[in-house]
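Note sheet for the following structure.
The values are calculated or read from the model by the stated rules, or taken from the named source; none is laboratory data. Just so it is clear, the model here is predicted, and its values are computed rather than measured. Quick reminder, even Gly has a Cβ in these numbers, built from the backbone with ideal geometry, and neighbours come from all protein chains shown.
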Amino acid sequence: MRRLAVLLATILVLVFTIPAYAAWHIQSSTVFRGSRYIKVKITCISDGNALTAYDLLSNYPDKGLVQGATGYLLKVVPGTGDVIPNTTIDITLGDDEGSTLWSDTTISKDATTWHPLYLSTNGSTVGGPFPPITGKLYLTLNDIGDSGDTITLYLIVWRE
């Protein structure tokens with residue numbers, strides 16, 4: 001009986017002294033699939049810190065639809081009310097080799113915006129080719145504010 005009490009006391013001490021680490025909550029789903037276009041909804045709920053290099057395809061149930069496709073457009077929909085970001089949004093998409101495919105900064109925290117996914121070349125994203133999505137697709141976001149602040153991304157890809 002004494003051993004059980006010591007074990008329970010030890011477990012309680014460990015439970016209350018281990019720091020709790022929150023993480024961004026990312027959820028992806030296919031919301032449209034046409035003959036060539038695929039629209040993926042990506043809900044991003046902040047943990048109060050920046051998001052560093054999260055592989056969007058790792059938990060996406062239909063990743064075979066997107067791998068091998070070409071990134072085309074990105075729609076950014078900030079949360080509203082209690083979950084609106086506190087600051088503008090910086091987004092970077094990267095590939096499995098650590099290269100930037102696309103990046104944009106100071107995206108509105110108040111309004112829905114559309115962005116063509118021109119491939120980032122020489123620091124410019126104007127008029128380049130659209131990026132291929134191969135093995136991985138990493139998403140990086142700046143610290144947008146408080147834990148629970150939300151951004152919804154709609155990634156539209158073209159599939160041959």
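Observations on the structure shown:
- All told, V76 falls short of being under 17 Å from I26 (Cβ atoms), of a type outside the set (D, E) and over 12 Å from the mean Cα position of the chain (by Cα).
- Contact map, the stretch 86-109: residues that are of a type in the set (S, T, N, Q) paired with residues that are exposed (fewer than 14 other Cβ atoms within 10 Å of the Cβ) and part of a loop (DSSP other than H, G, I, E, B), Cβ distance under 8 Å, separation 6+ or inter-chain. Pairs shown: T88/S108.
- F16 falls short of the stated requirement of being at pLDDT 55 or above, out of contact with any Pro (no Cβ under 6 Å at 6 or more places or on another chain) and exposed (fewer than 12 other Cβ atoms within 10 Å of the Cβ).
- Screening the candidates D55, D82 for the property of being out of contact with any Leu (no Cβ under 9 Å at 6 or more places or on another chain) and either farther than 18 Å from L141 by Cα or touching a residue at least 12 places away in the same chain (Cβ under 8 Å) (or both) yields one hit, D82.
- Residue in the stretch 42-50 that is modelled with pLDDT under 95, surrounded by fewer than 15 Cβ atoms within 10 Å (Cβ to Cβ) and part of a loop (DSSP other than H, G, I, E, B) present: no
- Test: residue in the stretch 22-37 that is on the phi > 0 side of the Ramachandran plot and modelled with pLDDT of 95 or more: no
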